[in-house]
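*Asks:* Encoded as structure tokens, here's the structure I'll be asking about.
Computed from the coordinates by the stated procedures, all read-outs in this text should not be read as laboratory data. Just so it is clear, the model here is predicted, and its values are computed rather than measured. In this analysis, Cβ positions are derived from the backbone assuming ideal geometry, glycine residues included, and neighbour counts consider all displayed protein chains.
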Ligand SMILES: [Fe+2]
Ligand SMILES: [Fe+2]
């Protein structure tokens, strides 16, 4: 999506529409759901609840990714950085839609706190972006690497029978790794301490809350 010719007001309206769609709507995926080839296997109630808790965390992660990238794009100085961020956000929409599909299949729901997750991530993204485009891309690399690591944990922790969630997470993991590589190639700078540690602590808190709420 190119917004190079949009005015600041157009951008604000487009950001607001995107936020509302992400939090309250049902954004559609462009690619087919990776779970389509996996049979639904009946799981015990506690396994199903655990799988839903993990997929709710992943769904929140994608809500945060949308918000971070839109917040960063809103203040990006360079048009190519903005394009890069908005293109990454577009790919995250597939992840968002697949996680929402899986939550429905598990008879569960997205996090009740999604408006809070979105607003806080947008603000963090915009603050990071104000430091400059190298920082902006560095923030993308750190976010994607941390998401990749927590997807690995979830692949270990999912009930063995939940092939459908696992298929979704495997494609997401490959995408997140590519997003990080692309941002590195585009000129990301390495974030200094304690930023990566603070980001990991915030993400740990989010995961603990989103597992249940
Ligand atoms: Fe993602
Ligand atoms: Fe990503």
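*Asks:* Just checking, which of 94, 101 is out of contact with any helix residue (DSSP H, G or I) (no Cβ under 7 Å at 6 or more places or on another chain), under 21 Å from residue 23 (Cα atoms), touching a residue at least 60 places away in the same chain (Cβ under 8 Å) and more than 16 Å from ligand 2 (Cβ to nearest atom)? Can you show your working first?
*Replies:* Details: 94 fails: more than 16 Å from ligand 2 (Cβ to nearest atom).
Of 94, 101, the one residue that is out of contact with any helix residue (DSSP H, G or I) (no Cβ under 7 Å at 6 or more places or on another chain), under 21 Å from residue 23 (Cα atoms), touching a residue at least 60 places away in the same chain (Cβ under 8 Å) and more than 16 Å from ligand 2 (Cβ to nearest atom) is 101.
*Asks:* I've got another one for you. Determine whether segment 53-70 contains at least one residue that is over 22 Å from residue 101 (Cβ atoms), in a helix (DSSP H, G or I) and in contact (Cβ under 8 Å) with a residue 24 or more places away in the chain.
*Replies:* First, pick out the residues of segment 53-70 that are over 22 Å from residue 101 (Cβ atoms): 68, 70.
Then drop every residue that is not in a helix (DSSP H, G or I), which leaves 68, 70.
Retained after the next criterion (residues that are in contact (Cβ under 8 Å) with a residue 24 or more places away in the chain): 68, 70.
The answer is yes, given that some residue of segment 53-70 is over 22 Å from residue 101 (Cβ atoms), in a helix (DSSP H, G or I) and in contact (Cβ under 8 Å) with a residue 24 or more places away in the chain.
*Asks:* Are any residues in segment 7-43 in contact with a helix residue (DSSP H, G or I) (Cβ under 8 Å, 6 or more places away or on another chain) and not in a helix (DSSP H, G or I), and if so, which ones?
*Replies:* Residues satisfying the conditions are 26, 27, 28, 29, 30, 31, 33, 38, 39, 40, 41, 43.
*Asks:* Hey, another quick one. Given the criterion out of contact with any helix residue (DSSP H, G or I) (no Cβ under 8 Å at 6 or more places or on another chain) and within 14 Å of ligand 2 (Cβ to nearest atom), identify the matching residue among 149, 180, 185.
*Replies:* Details: 180 fails: out of contact with any helix residue (DSSP H, G or I) (no Cβ under 8 Å at 6 or more places or on another chain); 185 fails: within 14 Å of ligand 2 (Cβ to nearest atom).
Going through 149, 180, 185 in turn, the sole match is 149.
*Asks:* A further question on this structure: Every residue in segment 104-119 that is under 21 Å from residue 69 (Cα atoms) and free of Cβ contacts under 8 Å to residues at least 24 places away in the same chain, please. Steps first, please.
*Replies:* Restricting attention to segment 104-119, the residues satisfying the condition of being under 21 Å from residue 69 (Cα atoms) are 110-111, 113-119.
Once the filter is applied, which keeps residues that are under 21 Å from residue 69 (Cα atoms) and free of Cβ contacts under 8 Å to residues at least 24 places away in the same chain, segment 104-119 yields only 116.
*Asks:* Just to be sure, is residue 143 within 15 Å of ligand 2 (Cβ to nearest atom) and surrounded by fewer than 22 Cβ atoms within 10 Å (Cβ to Cβ)? Walk me through how you get there before you give the answer.
*Replies:* Working: within 15 Å of ligand 2 (Cβ to nearest atom): yes; surrounded by fewer than 22 Cβ atoms within 10 Å (Cβ to Cβ): no.
Judged against the criteria, residue 143 is not a match.
*Asks:* Being over 21 Å from residue 61 (Cα atoms) and loosely packed, with under 15 Cβ neighbours inside 10 Å is the filter here; which residues of segment 181-193 pass it?
*Replies:* The answer is 185, 190, 192, 193.
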